[in-house]
Amino acid sequence: MCGIVGAVAQRNIVPVLLEGLKRLEYRGYDSCGVAVHDNGQLRRARSTERVAELEAQVEKDGIAGFTGIAHTRWATHGAPATHNAHPHFSGQTRGSARIALVHNGIIENHDELRKELQDAGYVFESQTDTEVIAHLVDHLYAGDLFEAVRQATQRLTGAFAIAVFAHDEPHRVVGARLGSPLVVGCGEGENFLASDALALAGTTDQIIYLEDGDIVDLQQSRVWITDGEGRAMERKVHTVQAHTAAAELGPYRHYMQKEIFEQPRAVSDTLQDIESITPELFGDEAFGIFKSIDRILILACGTSYYAGLTARYWIESIAGIPVNVEIASEYRYRDSVPDPRSLVVTISQSGETADTLAALKHARKLGMENTLTICNVATSDMVRECRLAYITRAGAEIGVASTKAFTTQLAGLFLLSLALADVRGRLTPEQEAKHLKALRHLPSAISAVLALEPQIMAWADRFATKENALFLGRGLHYPIALEGALKLKEISYIHAEAYPAGELKHGPLALVTEHMPVVTIAPNDELLEKLKSNMQEVHARGGELYVFADADTRISGGDGIHVIRMPEHYGRLSPLLHTIPLQLLAYHTACVRGTDVDKPRNLAKSVTVE
């Protein structure tokens, strides 16, 4: 997810802007930039390298100023290139650009605005939707930046957080947000803007969380906030310590939404800068245990169970070890055949899930002592009960419907697949390097998927009127369809079921009508053509298809077929990307229906009773 930092002060704020960008690097980005008001000129530096390279460029060019903005960008409109990097400039006044602007989000009506501005004489230097906003603000500018931004935001359709400053108003930064986070940091004789309070840690702990529709005027000794109509708004100032900033709800409507958008950082933290794949990632005894086992038993409940189902595909394909996945609440109540050479893997967010703990203890009573847990809480019972552990670093997950805990579980389970393969001699150095590269890129890839939120919100309006839905997936993505259906039902209360797409003709096809939305996960993998045939079965019977398709699948929208294109195909790690839009669909559908998103009826976060 892109990052914004802005400041107006009585000191050179370039170090503050660059430090803020460094704190936002976990989000992933492919370009970065900074712009300041410097001795009567708007000056900027942009780079497609890391923030450290940008910092060196700024120092070399001697860029300094009291007012400025900075940005990290993950490409959505236009390739990762310097001319597409933020900040964007517009207009000319006395030999300098007139407007500088940075933006998070997606502007849906950018093509229409671009044509209008081109007709007005503006020349575009980039392919971004952001440059459209910069030129629009300049077009509307008549000496009052705040008013120009207010008018411009009324013309925008989509999601945005923006920070802007102008040549003719050297001690002023204006910000606005709709559907994308933006906070104000308050200081003494200086004030700040950022997309995340974390960016301002060490600079100020006085934070204002802007609400949707807010426009803020920052000057050295004043913060003034209005709604889109210009009515003054009072927003509470929170004291946010750096170490507690992540626990604040902040600008998000619900913890679930916050936790969905925390996934790039959560996955990055979970992977903890791993340099090589070794069994010791899972504990000192791991090599000996992994060497001694010849099968795996996974025990879990709910969302964690679907993570286990996904892991079965990975482990059997990559490591060549047979895997059985059991619903923990069922496992200990049936007669099973124990195998002491099994590795028993439990998966739990809290590490206190009663059914999973009971199943683990039952497996141990049956003589299966090789145990490992994938868990988010290092001090939990589950970790203490198991010989091996991999601690995911999702942080506190407050929303009942699991999001970042699920994706971090998947990340941990993929590492387990690789470590098992390494012990069995099935992981070459070339394969290891390729997998590590893909893992390192995951946070950035997830951020790109999160940028699809405005399109998914439009789908949510349609879903909110339904009472039933089908989710389809094939192969590795069938468990992700199961997880998507679970998310929709548990927070929106819409009945939803998931099937392997090939099973449609064996019964579920009887349910398909124009009133039954059918959500389809369509990665560009070896099962794509089979999946397209299954989609035709739905379409031929009047069903409405909602397809999350990789960009190169050649699946086109049309009558009864709605398509949102994923930014990229991600091979074996594709399930981590395809689960993100399903989370967003469930979340926004629940919002439209007005349910209690973070506390759905009849459910609890940690299930500590059977």
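Read the figures in this text as sums done on the coordinates, not as results from a lab. What you are looking at is a predicted structure, and each value in this text was computed from that prediction instead of being measured. Quick reminder, even Gly has a Cβ in these numbers, built from the backbone with ideal geometry, and neighbours come from all protein chains shown.
Annotations for the structure displayed:
- Packing-based order for 474-482, 362-370, 325-333, using average beta carbon neighbours within 10 Å, highest first: 474-482, 325-333, 362-370
- Remark: the Ala396-Ala52 segment gains 120.8 nm on full extension, using 0.36 nm per residue and subtracting the alpha carbon distance.
- Inter-label distance for Val592 and Leu249, nm, one decimal - labels placed 7 Å from Cα along Cα-to-Cβ: 2.3
- For the stretch 124-200 versus the stretch 452-486, the gap between their alpha-carbon centres in whole angstrom: 34
- Partner lysines whose Cα lies under 28 Å from the Cα of Lys361, excluding those fewer than 8 positions away in the same chain, are identified as Lys291, Lys404, Lys605.
- Exposure proxy shown here: for Asp38, Asp144, the number of other Cβ atoms within 10 Å sets the order, fewest to most, as Asp144, Asp38.
- Only one item in (1) 44, 33, 24; (2) 44, 27, 22; (3) 40, 31, 25 matches semi-axes √(5λ) of the Cα gyration tensor in Å derived from the coordinates shown, and that item is (2).
- Given R0 = 41 Å, the distance between the Cβ atoms of Ile327 and Asp212 translates into a calculated FRET efficiency of 0.55.
- Amide H to amide H distances under 5 Å link Thr520 with Leu472, Tyr546, Val547, Phe548, where only residues 5 or more positions off or on other chains count and H is placed in the peptide plane.
- Cβ crowding within 10 Å ranks Trp74, Trp459, Trp224 as Trp224, Trp459, Trp74, fewest other Cβ atoms first.
- Asp30 long-range amide H proximity, modeled H, under 5 Å: Arg73, Trp74, Ala75
- Counting every other Cβ atom within 10 Å of each residue's Cβ, Leu210, Leu21 order from fewest to most as Leu210, Leu21.
- For the stretch 268-279, 3J(HN,Hα) per residue [Karplus equation, 6.51 cos²θ - 1.76 cosθ + 1.60, θ = phi - 60°, Hz, x = Gly/Pro]: 4, 5, 5, 7, 6, 6, 5, 9, 8, 8, 9, x
- Cα centroid separation - the stretch 409-443 against the stretch 557-592, whole Å: 25
- Rg [Å, one decimal], Dmax [Å, integer] - the stretch 265-445, C-alpha atoms: 15.2, 45
- Spacing of the modelled spin labels on Trp224 and Arg426, each 7 Å from Cα toward Cβ, amounts to 6.6 nm.
- Set of lysines with alpha-carbon distance to Lys22 below 20 Å, sequence-local pairs under 8 removed: Lys60
- FRET efficiency for the pair Ser292 and Thr82, taken as 1/(1 + (r/R0)^6) with r the Cβ-Cβ distance and R0 = 56 Å, rounds to 0.55.
- Among 85-94, 162-171, the order from most to least packed when residues are scored by Cβ within 10 Å on average: 162-171, 85-94
- Checking the cross-link pairs Lys365/Lys489; Lys466/Lys505; Lys505/Lys532 against a 25 Å limit on the alpha carbon distance flags Lys365/Lys489 as lying beyond it.
- For the peptides 316-324, 55-63, the ranking by packing is 316-324, 55-63, with the highest mean count of neighbouring Cβ atoms within 10 Å listed first.
- Note that the stretch 315-324 has calculated 3J(HN,Hα) couplings of 5, 5, 6, 8, 9, x, 10, x, 10, 10 Hz, one per residue in order, obtained from phi through the Karplus relation 6.51 cos²θ - 1.76 cosθ + 1.60 (θ = phi - 60°); glycine and proline are x.
- In order along the stretch 371-376, the Karplus-derived 3J(HN,Hα) couplings, from 6.51 cos²θ - 1.76 cosθ + 1.60 at θ = phi - 60°, round to 10, 9, 10, 9, 8, 9 Hz, and Gly and Pro are given as x.
- Mean separation of Cα contacts under 8 Å (6+ apart) over length of the stretch 265-445, as relative contact order %: 31
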